[in-house]
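Novice: Before I ask anything, let me first share the structure, which is written out below as structure tokens.
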Amino acid sequence: MTSERIHKLRKILDDLSLDAILFTHPPNIRYFCGFTGSEGVLVVDLTATFFLTDSRYTQQARGEVFSDNIREYKVREDEIQSLLKERPARRVGFEADFLAFGKVRKLEEKTAGEVEWVPLGAEIRSLRGEKNIQEIDKIRHAAGLNFSAFEEVLPLIKPGKSEREVALALEFALKKLGGEEKAFDFIVASGFRGALPHGIASEKKICFGELVTIDFGIRWEGYHSDETITVAVGQVPDKLEAVFDTVLAAHDRAIEKIRPGMSLREIDGFARQYIVDNGFGDYFGHGLGHGVGLEVHEYPVLSPRSEDVAVEGMVVTVEPGVYIPEVGGVRIEDMILITSDGCEVLTRIPKNMRILSL
Ligand code: ZN
Ligand code: ZN
């Protein structure tokens, strides 16, 4: 599995006339050599791979890393410099999306006259886009944890409970079920706070007649779930019900139409146009979705600016939302797997209007 991935990298080395690529971004390092720790770098050249880490991680690396060589460093840049000199590697790519400018500068200074550093962006961005069966199983499992945790916490979503209590209960349930770490700070946005697309759970108490938007996810074996459900606590005003119906229909439309080969911009458009046609176009400010995998937000992006195409094996979210200032909002999010002839929804919580009876 890993060697197939390394093979893809060697093709990039070849295409871009690079001698090596230096990886520093942990999810990429994990993807290409299996290392799950937080300190280390991976150097891939045309004939060998080198994983470098500090003494805290050498033992761990020996147990889990697929690499031709594992080396220990005291000063990271020194070890990178001497390795590149030894190979020798003169034109070396790095992850321009992730390596901080100051660190690039430091490497340039260390290797002055020896290495030409080549920023890589689009050339490597899509490498983790198509998931294999093992990755899909992990994502499916993480989505299953969301389902079980939500069922457990549902009775807590009622008047008088604070958003924070709901968020904490969800986190506790997810971890009790075996989840590793929350994927992000959970959003629990009730009533008027529903108008905040990223309303992190607050001390606000849930009231009767409100919609509550809950966006949450967990990491399991490195892979993430990401899902949003909006529920009604008792009967909500007609306007919010109309917003809910519009968002749900936009979400369903996009999922129904997705096929491999379609442009991601077009998929975004299916949901967006429906929301515009229903008069809420001004209130849907974000993209329709994003890739999910070793990172909860990763390549690709589904938005009016997307340049990419849906490919079988991609796992992406579909998450239209309408947010009306001072009134409230609705977002509905599922994770889908793009299949050979459409898509499969991986998240399992039903998204139809749920009016919690009290
Ligand atoms: Zn989400
Ligand atoms: Zn999302």
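Novice: Among D45, D215, D282, determine the one that fluctuates most according to a GNM of the chain built with springs between C-alpha atoms less than 10 Å apart.
Specialist: D282
Novice: Okay, moving on. Could you sort 23-36, 338-351, 109-122 so that the peptide with the highest average Cβ count within 10 Å comes first and the rest follow in order?
Specialist: 23-36, 338-351, 109-122
Novice: Continuing with the same structure: Can you compute the equivalent ellipsoid semi-axes for region 105-179, i.e. the square root of 5 times each eigenvalue of the Cα gyration tensor, sorted largest first and rounded to whole Å?
Specialist: 44, 19, 11
Novice: From the convex hull of the Cα coordinates of the chain, what is the mean projected area in square nanometres?
Specialist: Computed as one quarter of the Cα hull surface, the answer is 18.6 nm².
Novice: Let me ask you something else. Subtract the Cα-Cα distance of S82 and L177 from 0.36 nm times their separation in residues, and report this length gain in nm to one decimal.
Specialist: Separation in residues times 0.36 nm, less the Cα-Cα distance, equals 29.7 nm.
Novice: In nanometres, what is the gap between the two model label sites at S126 and R305, each 7 Å from Cα along Cα-to-Cβ?
Specialist: 1.9 nm
Novice: Could you work out the percent of alpha carbon pairs in region 2-125 separated by over 26 Å, rounded to a whole number?
Specialist: The calculated P(r) of region 2-125 puts 11 percent of pairs beyond 26 Å.
Novice: Would you list which lysines come within 29 Å of K131, measuring only between C-alpha atoms, while excluding same-chain residues fewer than 8 positions from it?
Specialist: Cα-Cα hits under 29 Å: K8, K11, K175, K176, K182, K257, K351.
Novice: Can you list the lysines whose alpha carbon sits under 20 Å from that of K74, skipping same-chain ones fewer than 8 residues off?
Specialist: K85, K103, K106, K110
Novice: To continue, here is another question. What is the extension gain from D282 to E344, computed as 0.36 nm multiplied by their sequence separation minus the C-alpha to C-alpha distance, in nm to one decimal?
Specialist: Additional length available on full extension: 19.3 nm.
Novice: Tell me, how many Å apart are the Cα centres for region 31-62 and for region 133-167?
Specialist: Rounded to whole Å, the Cα centres lie 34 Å apart.
Novice: So, one more: For region 2-125, what is the accessible area per residue in Å² when the probe is 1.4 Å?
Specialist: Each residue of region 2-125 exposes 50 Å² on average to a 1.4 Å probe.
Novice: Another question, then. Take each complete run of DSSP H in the chain, measure how far its Cα atoms stretch along the helix's own axis, and keep only those covering 27 Å or more with mean Kyte-Doolittle hydropathy at least -1.0; list them.
Specialist: Those that clear 27 Å and a mean of -1.0 are 133-153, 238-257.
Novice: Also, I was wondering about something else. Among G287, G160, G179, which one shows the biggest mean-square fluctuation in a GNM of the chain, springs joining Cα atoms closer than 10 Å?
Specialist: G160
Novice: Here is a further query. Among E298, E221, E72, which one shows the highest mean-square fluctuation when the chain is modelled as a Gaussian network with alpha-carbon springs under 10 Å?
Specialist: It is E72.
The values are calculated or read from the model by the stated rules, or taken from the named source; none is laboratory data. Quick caveat: nothing in here was measured; it's all calculated off a predicted structure. Reconstructed Cβ throughout: ideal geometry from the backbone, glycine too, with neighbour counts over all protein chains shown. Just so you know, the surface numbers come from the protein's heavy atoms only, side chains and all, with ligands and any DNA or RNA stripped out. Shrake-Rupley method; radii C 1.70, N 1.55, O 1.52, S 1.80 Å.
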